[in-house]
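Participant: Next up is a structure, given as structure tokens.
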Amino acid sequence: MFGYQLQSKVPRVVAAGALAVVVGACAAGATPTPVPPAPATAAPATAAPSAATGALTIATSSANGLGPFLTGNGGKTTYVFLKDTQPNTSACSGNCAGNWPAVTVPSGASAPAAGSGITGQFSTFQRSDGTTQVAFNGHPLYYFAGDKAAGDTNGEGVLGIWFVANADGSVPTAAPQSPKASPAPSAAPSAAAGGTTIASAAAALGTVLTGKNGLTLYVYDNDTTPNKSACSGDCATNWPPLTVAAGSAPTAASGISGKLGTFKRDDGTTQVTYAGWPLYTFVEDKKPGEDNGTDSKAFGASWYPLHPNGEKAGH
């Protein structure tokens, strides 16, 4: 793919890490504050852009067992998207671009030069929204909305199609099973079935809520308004909302004391809530007891199972 070296790689959960970046500034006549030396393992090899561009600094860094990988402004980790199959063309727009902002430069700016430790060439291209995106060996570069600081790599392996942009130009192959190829969300039960039953089961994180077929139920930190979902489109494909047929209500199994409710989603379906939290399953959970979505940062916020007392599991 565009001259990349392919290497097999399966998605993995990577703990968020942080690189400490200390900038010391001394005002004229002031006593400078000593700055402790940075650890040797955290020192990036920076490729400075020419003074003429002044648009973007591409550097390399390593964190959380990954790297060296490319970083952009503020030392933020950059990523590649395996669905970008055409050189210098992005397949990420709309909601996708909201969660995976493009690495951009001002219109007319030159592409950054590949410095020491970077194997490949940078280019730029115009996106459909008119902005100018940077590509590495033809592969568009992105940031992840779930990364809050330099050194965060929360986007690594998300959905099996997002990975850090390796400085050596290598790109992983797609995961053995992409969420897009996963089964569609379970059909809502018929009204005759009386909705769905919310139960609980023992898991590695303690007792958590379960729904249809005993699958773990999750809540989404971006759902900041009770009885309203912020997850739609690709998000809802990978985190199917727990729904009931219109006019039906969920029932509580023994030990479930939280308030159950429903609300109408923008697509017209009826989603189940617990203590005001919209409930979801995860496409990578295939059987009862699995909680593969725990602490995922997919789609810009964290996902957690819910304890029967309404507290987030693993939070």
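The values are calculated or read from the model by the stated rules, or taken from the named source; none is laboratory data. Here the structure is a predicted model, which means the values were calculated and not measured. Reconstructed Cβ throughout: ideal geometry from the backbone, glycine too, with neighbour counts over all protein chains shown.
Participant: Can you tell me which residues in segment 244-265 are farther than 14 Å from Pro308 by Cα, among the basic types (Lys, Arg) and in a loop (DSSP other than H, G, I, E, B)?
Facilitator: Arg265
Participant: Considering only segment 282-299, I want to know if a residue exists there that is surrounded by fewer than 19 Cβ atoms within 10 Å (Cβ to Cβ) and either within 13 Å of Ala199 (Cα to Cα) or of a type in the set (Phe, Trp, Tyr) (or both).
Facilitator: yes
Participant: Could you please find all residues in segment 266-280 being outside any strand (DSSP E or B) and in contact with a Ser or Thr (Cβ under 8 Å, 6 or more places away or on another chain)?
Facilitator: Asp266, Asp267, Thr269, Leu279, listed by residue number.
Quick grid of which residues meet (1) of a type in the set (Phe, Trp, Tyr); (2) outside any loop (DSSP other than H, G, I, E, B); (3) in contact with a strand residue (DSSP E or B) (Cβ under 6 Å, 6 or more places away or on another chain); (4) at pLDDT 90 or above:
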residue: Pro68; (1), (2), (3), (4): no, yes, yes, yes
residue: Val80; (1), (2), (3), (4): no, yes, yes, yes
residue: Gln86; (1), (2), (3), (4): no, no, no, yes
residue: Ser90; (1), (2), (3), (4): no, no, yes, yes
residue: Gly98; (1), (2), (3), (4): no, yes, no, no
residue: Ala109; (1), (2), (3), (4): no, no, no, yes
residue: Pro112; (1), (2), (3), (4): no, no, yes, no
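Participant: Here's another thing I want to ask about it. Among Thr273, Thr269, Thr294, which is in the same structural domain as Thr224 (by TED's automatic domain parsing) and closer than 26 Å to Pro101 by Cα?
Facilitator: From the options Thr273, Thr269, Thr294, the qualifying one is Thr294.
Participant: Here is a further query. Which one is surrounded by the most Cβ atoms within 10 Å (Cβ to Cβ) among residues in segment 300-311 that are under 19 Å from the mean Cα position of the chain (by Cα) and in a strand (DSSP E or B)?
Facilitator: The selected residue is Pro305.
Participant: Additional query: With the requirement that a residue be in contact with a strand residue (DSSP E or B) (Cβ under 7 Å, 6 or more places away or on another chain), of a type in the set (A, V, I, L, M, F, W, C) and over 21 Å from Asn95 (Cβ atoms), what does segment 126-149 give you?
Facilitator: Residues satisfying the conditions are Val134, Ala135, Phe136.
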